[in-house]
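First up is the structure itself, then whatever we jot down about it.
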Amino acid sequence: MKRRAFLAALAAAGCSTPGLRLDAPYVSTPYEVVRAMLALARVGPADVVYDLGCGDGRIVVTAAREFGARGVGVDLDPRRIEEARAAARRAGVEHRVRFAVQDLFLTDLAEATVVALYLFPELNVRLAPKLRAELQPGARVVSHQYGIGDWKPAASVRVESGGTEHWVHLWVIPPR
């Protein structure tokens with residue numbers, strides 16, 4: 001029970017919109033980790049990268065600006081979506097990306113070729129059936145730090161950033 005209370009307090013602390021309850025706090029992913037995630041997933045111009053719980057949009061913006069991909073970011077926090085849209089404008093990629101205030105569990109993932117995650121392990125487990133059902137075989141899922149239940153990653157890399165060790169994991173959706 002203490003863990004649940006701690007996670008609830010942490011989630012509330014990561015929200016910039018008063019009164020909005022999040023399942024996971026906003027914690028930005030260091031740019032070294034963002035680039036490692038996109039490189040591990042082999043993102044390229046033919047990809048559509050979805051970031052579920054996109055925060056300030058840095059994964060989607062970087063995918064568009066540095067990897068030539070298109071992207072979609074969703075987050076429950078309207079202020080984070082405003083930040084993401086502003087970041088896309090500053091980077092000159094607003095025509096390649098879109099952001100929506102939306103529940104990640106209600107987001108249609110059919111067009112995604114890559115899905116990026118930085119969510120608690122419990123959320124990843126809840127999300128796993130949706131990923132398997134909606135993503136096409138060959139789509140890649142890349143996660144900062146946390147696994148997806150009993151899924152075995154196709155690859156994992158260690159990334160050092162600011163004196164902290166981060167892990168990036170990759171899965172490929174198998175044929176049905």
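Which listed residue (PRO45, PHE99, VAL61) has the Cα farthest towards the positive end of the charge dipole for the chain, taking +1 on Lys and Arg C-beta and -1 on Asp and Glu C-beta about the Cα centre?
The residue sitting most towards the positive pole is PRO45.
What residues have an amide H closer than 5 Å to that of GLY73, excluding those fewer than 5 places away on the same chain, when H is modeled at 1.01 Å from N in the peptide plane?
ASP51, ARG98, PHE99, ALA100
Charges at C-beta only: +1 for Lys and Arg, -1 for Asp and Glu. How large is the resulting dipole of the chain about its Cα centre, in Debye rounded to 20?
I would put it at about 120 debye.
Which residue, LEU106, LEU131, LEU40, tops the fluctuation ranking in a GNM of the chain built on C-alpha contacts under 10 Å?
Maximum among the listed residues: LEU106.
Using the Kyte-Doolittle scale, find the helices of the chain whose mean hydropathy is at least -0.5 and whose Cα atoms extend 15 Å or more along the helix's long axis, counting only whole DSSP H runs.
The qualifying helices are 2-13.
Build a GNM of the chain with springs between Cα atoms under 10 Å: which of ARG158, ARG96, ARG65 gets the top mean-square fluctuation?
Result for the chain, Cα springs under 10 Å: ARG158 fluctuates most.
For the chain, with a Gaussian network of springs between Cα atoms less than 10 Å apart, report the residue from ALA116, ALA84, ALA100 with the top mean-square fluctuation.
In the Gaussian network model the winner is ALA100.
A short reminder: the numbers here are calculations on the coordinates, not readings from a lab. These figures come from a predicted structure and were not determined experimentally. Cβ: placed from backbone, ideal geometry, glycine included. Neighbour counts: every protein chain shown.
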